[in-house]
Amino acid sequence: MRAIVYDRYGSPEVLESRLLPSPQPGPGEVLLSVRAAALNPKDSLIRKGKFRRMTGDRFPRQLGFDVAGVVHALGPGVTRFRPGDEVFGMKHGWAGGTVAEEVCLSLDELALKPKRLSFEEAAAVPLAGLTALQALRDEGRLTTGQRVILHGASGGVGVFATQVARLLGAQVTTTSSARNVALCLQLGAHEAWDYTEKTGLAKGSNWDVFFDVFGNRGFGEVRGALSSKGTYVSTVPSVTIAVQHLATHLTSKRARLVVVKPNPVDLELLAKWCDEGKLKPVLDRVFPFTEVAEAQALIETRRARGKVIIRVG
């Protein structure tokens, strides 16, 4: 099979297409024929060596965590899917491997693909959609009628966070660049701000949840803008947010880090919303398999609107 691999950490130019042996599904695993994969900032950070403590120095490494495809074979003990099923999901951990013609995923990483979506659209949903859902519902404890601000709402996670926040019944304000204000309103924001004019950090703003999707606002900056029991949620792992997460566990204003986890029940909920037309992926561009380096370069500009997709099969 063809797969995108790299033999050293570095710029997008380290990526190359290579023939690898087809993987074999183990117990509780499903072998997919990949139709599309989505790229995320996580892919770029790993490729650059930013998470070297977790990823180590074993090469070659493969690329990609989001996938949509067709079940090709089942490992021992798998009864939930059948060959020919159209599925989507997200690989957990640090190994990646979805930007390939075939990949194995475990049962807890997969769900049936939303019927309403193409493979390219479905591949956009898992990691970003799960991050948005778990950040707002689980870490932010966002409930009906609360006020949430989404800082950086036009990127991969942000476009889902806007829609998920509305589905949770919140009053939604977004910040983005001026060119994406209209998009945020189309996705359901009650208010959409140009971040160069307004940031939502005014003391006493009383946000119930401040979700820093873009990753350039700290809890110290945001604390004064939260309500008396407000929560700040970050997507960017750091020592600082880890300490704040622990230090504010029992305080009225809390700092939280969302660490997305694959969850078939959550994937099924996202699929249901998609099939009901309540959740819509936004695709910036769909690249062919041969242009993965260009796709990663686009991700690294941090200006992509929605998701960047690789068409595989």
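For GLU102, the residues 5 or more places off, or on other chains, whose built amide H falls under 5 Å of its own are VAL34.
Annotation: extensible slack from VAL70 through SER11 equals 18.1 nm (criterion: 0.36 nm per residue apart, minus Cα-Cα distance). If each of ASP138 and ASN216 carries a label point 7 Å out from its Cα toward its Cβ, how far apart are those two points in nm? The answer from the label model is 2.8 nm. What's the long-distance tail for the range 128-257, i.e. % of Cα pairs beyond 20 Å? Beyond 20 Å sits 35 percent of the P(r) for the range 128-257. Taking the average, over residues, of other Cβ atoms within 10 Å as the packing measure, peptides 5-16, 81-92 rank 81-92, 5-16 from highest down.
Would you look at the GNM of the chain, springs on alpha carbons closer than 10 Å, and say which of THR98, THR174, THR290 moves the most? Most flexible of the set in this elastic network: THR290. Computed from backbone phi with θ = phi - 60° and the Karplus coefficients 6.51, -1.76 and 1.60, the 3J(HN,Hα) list for the range 135-147 is 5, 7, 6, 8, 7, x, 6, 6, 10, 3, x, 6, 9 Hz; x is used for glycine and proline.
Highest GNM mean-square fluctuation among PRO288, PRO114, PRO60, for the chain modelled with Cα contacts below 10 Å: PRO60.
Put +1 on the Cβ of each Lys and Arg and -1 on the Cβ of each Asp and Glu in the chain; which of SER118, THR235, ASN40 then has its Cα farthest toward the positive end of the dipole? Of the candidates, THR235 comes out farthest on the positive side. The phi torsions of the range 170-176, fed into the Karplus equation with coefficients 6.51, -1.76 and 1.60 and a -60° offset, translate into couplings of 8, 8, 10, 10, 10, 10, 7 Hz, rounded to whole numbers, with Gly and Pro shown as x. The LYS50 and LEU246 beta-carbon pair, evaluated with R₀ = 22 Å, returns a calculated FRET efficiency of approximately 0.45.
For the residue pairs LYS42/LYS113; LYS198/LYS253; LYS280/LYS307; LYS115/LYS278, alpha carbon separations beyond 18 Å are given by LYS42/LYS113; LYS198/LYS253.
For the range 128-257, relative contact order (Cα pairs under 8 Å, six or more residues apart, normalised by length) works out to 22 percent. Taking amide hydrogens as placed 1.01 Å from N in the peptide plane, the amide H of LYS307 sits under 5 Å from those of VAL282, LEU283, ASP284, each at least 5 positions away in sequence or on another chain. Which one, GLY129, VAL14, SER252, projects farthest toward the positive side of the charge dipole computed for the chain from Cβ point charges (K/R +1, D/E -1)? Farthest towards the positive end: SER252. Taking every alpha-carbon pair under 8 Å whose residues sit at least 6 apart, the chain reaches a relative contact order of 20 percent. Subtracting the Cα-Cα distance of LYS272 and LEU19 from their residue separation scaled by 0.36 nm leaves 87.5 nm.
What's the FRET efficiency of ARG179 with HIS92 using the Cβ-Cβ distance as r and R₀ = 51 Å, to the nearest 0.05? Computed FRET efficiency for ARG179 and HIS92 comes out at 0.90.
Every number here is computed from the coordinates shown, using simple stated rules; none is lab data. Bear in mind that the values here come from a model prediction, so they are computed numbers and not experimental data. Using ideal geometry, Cβ is built from the backbone for each residue, glycine included, and neighbour counts are taken over all protein chains shown.
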